Amino acid sequence: MKQINLILQSKGGVGKSLFIWFVAQIEKGRKTNFIDLDESTQTSAARLGTVVGNERVRPVRILNEYNKMERDQIVGLLESLAGGKSDQYFVDFGAPESAEFLRLLTGDITGVELYNEMLELRAELRFFVIVAGRDALPSCVNYYNDISKALDSIPVTMVVNMGTFNGTESAEKAIASLTELGYAPIKRFGDLGSGAAVKEIIDLISHPDPDPATMGLLSRMVYKKKQKEIEEIIA
């Protein structure tokens, strides 16, 4: 069964591009392909190409001149991926594209109908909603709620960017509160540590030819830990 992984959040600056960059590092030795729908920045297309090669990254425009998405565009894209050569795709939605995708699922095509039609094409849709902290937390959780409601009983994974809170303790308190409210599953990523390690990892992400071996030992240890977290999320 082919897997098509959708990375979503209607709030900008939450760490979707950071998340999918780590995914690319994990998947670079495989045949996984990446679709960048984030027209506002196209950071995924630029950065992912340096990791997996430009031939495995495709930027796609799905919004019209009014920043609206016609249902045939996204449905057609998903259908084309179902018939594509790769067994696995990761699709990076920008903030406006994420909002428009939710609009699609609450219109005359339901999330369940789309999911089941894709299964008929032997392609499973998997949904990952990135959640950031501080002032972004309420709107991020609201988007997760809306997507989950639109998809009914289909699983949606909440992925919390730990690096967007006021420290690990603040992030863990927020996750504990969300867990008490019944949110599950909740996964963690994004805490890159502090000091030289976080700087080296950020520099690596921006490098035109990223090679983790060029970092210091502590940075490599933190990096490997972050890679393992992401690998467990997408398993």
Study note, to complete from the structure: Rg (one decimal) and Dmax (whole number) from the Cα set of the stretch 187-226, in Å, equal 9.6, 29
**Study point:** Relative contact order (percent, whole number), the stretch 67-200, Cα cutoff 8 Å, 6+ residue spacing
**Key:** 20
Check your understanding: Rolling a 1.4 angstrom probe over the protein heavy atoms, how many square angstrom per residue are accessible across the chain?
Key -> 49
Review point. Taking a threshold of 28 Å on the Cα-Cα distance, which of the pairs Lys16/Lys228; Lys68/Lys225; Lys16/Lys173; Lys149/Lys228 fall above it?
Key: Lys68/Lys225; Lys149/Lys228
Review point. To the nearest whole percent, what portion of all C-alpha pairs in the stretch 60-160 is separated by more than 15 angstrom?
Key: 64
Exercise for review: May I ask for the net charge around Ile109, where only other residues with Cβ less than 12 Å from the Cβ of Ile109 are counted and Lys, Arg are +1 while Asp, Glu are -1?
Suggested key: -3
Point to revise | Cα-based Rg / Dmax (Å) for the stretch 149-235 | key: 15.4, 46
Check your understanding: If you keep only loop residues by DSSP, which GluC sites (Glu not before Pro) in the stretch 51-91 have at most 14 other Cβ atoms within 10 Å of their Cβ?
Key -> Glu65, Glu70
Exercise for review: Let me have the 222 nm mean residue ellipticity of the chain computed from DSSP H runs of 4+ only, each contributing -39500 (n - 2.57), with the sum over all residues rounded to the nearest 500.
Suggested key: -15000 deg cm²/dmol
**Study point:** Selected from Thr164, Thr110, Thr214 as most flexible by GNM, with the chain as the system and alpha-carbon contacts under 10 Å
**Key:** Thr214
Exercise for review: Return an integer: the convex hull volume of the alpha-carbon atoms of the stretch 1-93, in Å³ per residue.
Suggested key: 97
Revision key, fill the gap. Per the Cα gyration tensor, the chain corresponds to an equivalent ellipsoid with semi-axes, largest first in Å, of 28, 22, 16
Review point. Got a number for carbon plus sulfur as a percent of the stretch 53-179's accessible area, 1.4 Å probe?
Key: 48
Check your understanding: Just the Cα atoms of the stretch 131-187, one point each, no solvent: what log10 I(q)/I(0) does Debye give at q = 0.17, 0.22, 0.24, 0.27 Å⁻¹?
Key -> -0.51, -0.83, -0.97, -1.18
Check your understanding: Over the chain, what relative contact order in percent results from Cα pairs under 8 Å that are six or more residues apart?
Key -> 24
**Study point:** Relative contact order (percent, whole number), the stretch 1-119, Cα cutoff 8 Å, 6+ residue spacing
**Key:** 39
Check your understanding: If you take the Cα Rg of the stretch 80-136 and divide it by 2.2 N^0.38 Å, with N the number of residues, what do you get?
Key -> 1.32
Study note, to complete from the structure: One finds, for Asn166 and Ala196 with R0 = 22 angstrom and r their Cβ-Cβ distance, a FRET efficiency to the nearest 0.05 of 0.55
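The values are calculated or read from the model by the stated rules, or taken from the named source; none is laboratory data. Model, not experiment: these values are computed from the prediction. FYI the Cβ positions are ideal-geometry reconstructions off the backbone, even for glycines, and counts take in every protein chain you see. Calculation scope for accessible area: heavy atoms of the full protein, side chains included, ligands and nucleic acids excluded. Shrake-Rupley method; radii C 1.70, N 1.55, O 1.52, S 1.80 Å.
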